[in-house]
Amino acid sequence: MSGRAGSLTGQGLGSVGRHLRVLLDAGLVRRRRTGRSVLYFRTAAGEALVEAQRDG
């Protein structure tokens, strides 16, 4: 997913990977390996943060 996220954001692969690691460590996303891909999903805490930002 880092490669696709990098393409979507214009960020380098290393930068995207570092950001995803921060989000993982903070408990805001989780990851799941599907074949050769790694998928990232928001956790309940991540969803609450996004919702709070929308309401802000």
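The values are calculated or read from the model by the stated rules, or taken from the named source; none is laboratory data. Treat the numbers as computed from the prediction; the structure is a model and nothing was measured. Don't worry about glycine lacking a Cβ; one is built from the backbone with ideal geometry, like all the others, and counts go over all protein chains shown. Please note that ligands, DNA and RNA were not included when accessible areas were found on the heavy atoms of the full protein model with its side chains. Shrake-Rupley method; radii C 1.70, N 1.55, O 1.52, S 1.80 Å.
Numbers at a glance
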{"quantity": "Angle in degrees between helix 13-25 and the longest Cα principal axis of the chain, rounded to the nearest 10", "calculated": "40 degrees"}
{"quantity": "Relative contact order computed over the chain (Cα-Cα under 8 Å; 6+ residues apart), in percent", "calculated": "25 percent"}
{"quantity": "Extension gain, Leu39 back to Glu51 (0.36 nm per residue minus Cα-Cα distance, nm)", "calculated": "2.2 nm"}
{"quantity": "Arg31 accessible area, assembled protein chains, probe 1.4 Å, Å²", "calculated": "130 Å²"}
{"quantity": "Whole-number D in µm² s⁻¹ for the chain, Kirkwood Cα-pair radius fed into Stokes-Einstein, 25 °C, 0.890 mPa s", "calculated": "204 µm²/s"}
{"quantity": "In degrees, nearest ten, helix 44-55 long axis to first principal axis of the chain (Cα)", "calculated": "60 degrees"}
{"quantity": "Rounded accessible area per residue of the chain, 1.4 Å, Å²", "calculated": "78 Å²"}
{"quantity": "Surrounding net charge for Gly12, when Lys and Arg each add one and Asp and Glu each subtract one, Cβ distance under 15 Å", "calculated": "+3"}
{"quantity": "Of all accessible heavy-atom area on the chain, the percent that carbon and sulfur account for (1.4 Å)", "calculated": "53 percent"}
